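Presented below is the structure to which this report refers.
The values are calculated or read from the model by the stated rules, or taken from the named source; none is laboratory data. None of these values were measured; they are calculated from a predicted model. Ideal geometry is used to build each Cβ from the backbone, glycine not excepted, and the neighbour counts take in all protein chains shown.
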């Protein structure tokens, strides 16, 4: 009962942060609203594909199920998919600060990996592909993807070093918080002022962090801390140490963003943060034209 309450609370928090775009409107119908729902739309993976790639599917926390307001039932021609299509799309910066979009398929704890070589390999791979999450001030540790001060940062710099790639989008969740030094020293205040002018402000008034170099520099100067989610979250499972967050390949095919998909991101009074308006712009192009904005200029 407790887990169901937490899941419901998470959904309500996510909906509260959903961007109020026309794209958010869902097409009525319990099944697919399109004549053909193909592999180009983000779907949840089937249990067999999860197992092949080292994940025990029944243990996924908050897995999309078609009835969670973040997904619907929808057919797919991709044999690795099950018939659950994602509506929710989340933004992220890549390691270079470029806009990306990803699908929130669920979260994992250590026990979620299969007890075989594939499971060991999956957990090792997740550590190579961190997703940096930015909690709001006052919520430094219990961070969900729907309750953050800015878009996440997905570092895929190691992609070329792993022969299989990252088929499930497995990522270790790392929490990024500003340190006392950032607020209480002259050097810290100068840094905060510089970052604000460069990137703009996040939801809680702290500067946006947009690429891996900024994280490395801020960490080196001890202006931020970067830590894993606590292992205490494993029992009861109210959040994951790892995320299943495959990046949507916006260059692969037209139509990767479905007409009824919607974008979830940090907003203030229903308005996009000025420093993150690029996500709304890119999402709109992908949904309307089927290609990135650069292709429609």
Across the stretch 145-156, which residue is modelled with the lowest pLDDT among those that are closer than 16 Å to residue 229 by Cβ and part of a loop (DSSP other than H, G, I, E, B)?
146
Which of the numbered conditions does residue 115 fail, given that it passes all the others? Conditions: (1) farther than 18 Å from residue 243 by Cα; (2) crowded, with 18+ Cβ neighbours inside 10 Å.
(2)
Can you find a residue that is in contact with a helix residue (DSSP H, G or I) (Cβ under 9 Å, 6 or more places away or on another chain), surrounded by 14 or more Cβ atoms within 10 Å (Cβ to Cβ), under 30 Å from residue 261 (Cα atoms) and at pLDDT 95 or above anywhere in the stretch 210-228?
yes
It is to be established whether one or more residues within the stretch 178-187 are modelled with pLDDT under 95, crowded, with 19+ Cβ neighbours inside 10 Å and within 21 Å of residue 150 (Cα to Cα).
no
In the stretch 126-144, is there at least one residue being over 15 Å from residue 266 (Cβ atoms), assigned to a loop (DSSP other than H, G, I, E, B), modelled with pLDDT of 95 or more and in contact with a helix residue (DSSP H, G or I) (Cβ under 7 Å, 6 or more places away or on another chain)?
no
